[in-house]
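Heads up: the structure comes next, in structure tokens.
The values are calculated or read from the model by the stated rules, or taken from the named source; none is laboratory data. Note that this is a predicted model, so its numbers are computed, not measured. Backbone-built Cβ (ideal geometry, glycine too); neighbour counts: all protein chains shown. Heavy atoms of the whole protein, side chains included, go into the accessibility calculation; ligands, DNA and RNA do not. Shrake-Rupley method; radii C 1.70, N 1.55, O 1.52, S 1.80 Å.
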Amino acid sequence: MAVASASAQMSVDSRVESVKIGGYLGGRIDDCIEHRVKPEDWNHLVEPFRKRVETHTWQSEFWGKWVQGAIASYRYNRDAELYDIIRQSAEAIMATQTPDGYIGTYRDDMHLNQWDIWGRKYTMLGLIAWYDLSGDKRALKAACGVLEHLMSEVGEGKRDIISTGNYHGMASSSVLEPTVYLYVRTKNEAYLDYAKYIAKRLNDPDGPELIRKALEGVNVANRFPHPKVWWSAENGHKAYEMMSCYEGLLELYKVTGEEQYLKAVECVVENIISTEINVAGSGAAFECWYGGVGRQTQPTYHTMETCVTFTWMQLCNRLLELNHNSMLADQIELTMYNALLASLRADGGQISKYSPLEGWRSSGEEQCGMHINCCNANGPRGFALIPRAMYHTEENAIMVNLYADSKSTMYLGKKRNQPVTIHQRTTYPEGNVIEIEVTPHKAAVFQIALRIPAWVELDKCAVEVNGKAEKVSAHGWHVITREWKAGDKISLSLDMRGRLVERNNYQAIVRGPVVLARDSRMADGFVDETSVVQSKDGYVELKPIAVPDFAWMTFSVPMVLGTDLEGSNSVSYVKMCDFGSAGNTWDKAVRYRVWLPKTLHVM
């Protein structure tokens, strides 16, 4: 399958439109938009831009994060009320621009300190997103003004971007992303030159060396000495900021074709998967990489920040748009159905700052003297990313990346004039069968590529086209090339047996892409009790049971509990639910757990 060039991040793929997701997943997306995105007091987010008294905190990031999530949400549901909310907020933020182009929250004598450039990045991203949605040229002009003001302060012969802000300059240097976007939209060569300057500093020996260290396979948690001061310039392991810089390098690759940018991103993504991403699809502790794969069974402070969860999904999706590596879609699915869903409170009104694998979740603190925090602003972008990630297209190919009850129309052909509607009818991942109806406007030859997840046993995976079986011979893409006609149907059956994962004498159970957890609301014992999960050839016999009102799906799991093996009825059946539902009311009287301690058997 040929690799197509990807559109800029803020431009929704013009070949795919009107994705609508149903079922449980679609309900959670709707909940997030209705109860988290729309009620946000956008005027409260704009007010610090009017006052401009900040000296060291990050008030300036909140509007840009929130409005990107709101715009992506509007692209999904076309809510006219939401559009008007976005419009009012964009006009208000533009009204704060000073004659020199600055839109920010910092006092005049404190420019470039701490989070100032980081906040300008988010302001530009928000304005670009509004321009792409509305066509309002004032927004593009305002974003250009912000960039040109920055260029007058930082660059060759001026203040060095690596010397500003924290984390070896990564927070400030992530402004590379909107810099590239503004070049794409204006073709102003000065913007491209500035992007190349930032990329160079990101790889220079006195900077974070993001390209060299990625290409040499240096683990993301071991790139610098352990910092003496955690929240400081010397900490080079900050996960969110690091990934944001790699996103900028990927966007620069799309413009320049410089292979080392793409290769560096591919290498770092592979490294993050192998060393950091846990069983629930996220990572980091105290917001930094820490070797999380090997240490995920250990109770740890402040794990799985939602900003990390979303940025990981976004980085994987952008790379997937370019290289079509199905492993990236596997990662998005894992994160989506576990870490992301777990971050949204049951009522949809709050996003957790951290979503640990055991214990409980809770609201993040109000930050910077405002009634919001970074994850409440950023988390909805993860939910709004799901429709965008579900399908990718080329001229004559459709890649089905994610499976969920949904319907979408996309446009194939060189002129994007061949509409095709894809309708997935499924209860997946509750059920194991995905029925896909294909309806082209008129009969046409093209490819449909189905993702065969890496966790599937191929001999238990089945694909049929109009009732005729196809041989599934490998994980990755199963490509079907034929003349498609209205009403053609594909049936995909996946192996949804429970899989036992063991690490450090702990056990976890994964069913399809969904991680299971014990929850004290099941009232069937002590959730931290030691046990031996009963399995055969690495698989656990899970039995669906009646679902309590707080959970999405629930199963009984055979275990031998505790340290007493005596008696004839030693196997107990313990209830476990999906990780996203575990502890979802954030009530500290409720406790959940993913990794179960395994009883030692010295014989």
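Numbers at a glance
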{"item": "Number of positions in segment 483-509 that are touching a strand residue (DSSP E or B) at 6+ places or on another chain (Cβ under 8 Å), at negative phi and open to solvent by 10 Å² or more (accessible area, probe 1.4 Å)", "result": "14"}
{"item": "Residues of segment 99-149 classified as surrounded by 24 or more Cβ atoms within 10 Å (Cβ to Cβ), under 23 Å from residue 73 (Cβ atoms), out of contact with any Lys or Arg (no Cβ under 7 Å at 6 or more places or on another chain) and not hydrophobic (A, V, I, L, M, F, W, C), total", "result": "4"}
{"item": "Unmet criterion (only one of (1) of a type outside the set (A, V, I, L, M, F, W, C); (2) more than 26 Å from residue 532 (Cβ to Cβ); (3) part of a strand (DSSP E or B)) for residue 499", "result": "(2)"}
{"item": "Given (1) in contact (Cβ under 8 Å) with a residue 12 or more places away in the chain; (2) among the hydrophobic types (A, V, I, L, M, F, W, C); (3) open to solvent by 30 Å² or more (accessible area, probe 1.4 Å), number of the condition residue 293 does not satisfy", "result": "(3)"}
{"item": "Test: residue 477 is hydrophobic (A, V, I, L, M, F, W, C), part of a strand (DSSP E or B) and open to solvent by 10 Å² or more (accessible area, probe 1.4 Å)", "result": "yes"}
{"item": "Hits in segment 498-531 - residues which are in contact with a helix residue (DSSP H, G or I) (Cβ under 8 Å, 6 or more places away or on another chain), closer than 18 Å to residue 293 by Cα and of a type in the set (A, V, I, L, M)", "result": "514, 515"}
{"item": "Scope segment 407-456; condition among the small types (Gly, Ala, Ser) and not in a loop (DSSP other than H, G, I, E, B); matching residues", "result": "408, 444, 449"}
{"item": "Matching residues, segment 561-599, being assigned to a strand (DSSP E or B), open to solvent by 60 Å² or more (accessible area, probe 1.4 Å) and under 18 Å from residue 519 (Cβ atoms)", "result": "573, 575"}
{"item": "Number of positions in segment 234-286 that are part of a loop (DSSP other than H, G, I, E, B) and either open to solvent by less than 10 Å² (accessible area, probe 1.4 Å) or more than 30 Å from residue 516 (Cβ to Cβ) (or both)", "result": "12"}
{"item": "Subset of segment 43-56 [assigned to a helix (DSSP H, G or I) and open to solvent by 50 Å² or more (accessible area, probe 1.4 Å)]", "result": "43, 47, 50, 51"}
{"item": "Pairs, first under 14 Å from residue 264 (Cβ atoms) and in contact (Cβ under 8 Å) with a residue 60 or more places away in the chain in segment 212-225, second open to solvent by less than 80 Å² (accessible area, probe 1.4 Å) and in a loop (DSSP other than H, G, I, E, B), C-beta under 6 Å, six or more apart", "result": "220/289"}
{"item": "Residue in segment 344-356 that is closer than 30 Å to residue 444 by Cα and in contact (Cβ under 8 Å) with a residue 24 or more places away in the chain present", "result": "no"}
{"item": "Checking residue 231 against (1) farther than 24 Å from residue 322 by Cβ; (2) open to solvent by less than 50 Å² (accessible area, probe 1.4 Å); (3) not β-branched (Val, Ile, Thr), the condition it does not meet", "result": "(2)"}
{"item": "Residue list for segment 543-560, filter: part of a loop (DSSP other than H, G, I, E, B) and either open to solvent by less than 30 Å² (accessible area, probe 1.4 Å) or of a type in the set (Phe, Trp, Tyr) (or both)", "result": "550, 551, 552, 553"}
{"item": "Test: residue in segment 310-317 that is open to solvent by 10 Å² or more (accessible area, probe 1.4 Å) and either modelled with pLDDT of 95 or more or within 30 Å of residue 478 (Cβ to Cβ) (or both)", "result": "yes"}
{"item": "Selection within segment 355-386 - more than 18 Å from residue 58 (Cα to Cα) and either among the polar types (S, T, N, Q) or open to solvent by 10 Å² or more (accessible area, probe 1.4 Å) (or both)", "result": "355, 356, 357, 358, 360, 362, 363, 381, 384, 385"}
{"item": "Single match in 430, 395 (criterion: within 18 Å of residue 340 (Cβ to Cβ) and open to solvent by 50 Å² or more (accessible area, probe 1.4 Å))", "result": "430"}
{"item": "Condition met for residue 302 (at positive phi and open to solvent by 50 Å² or more (accessible area, probe 1.4 Å))", "result": "yes"}
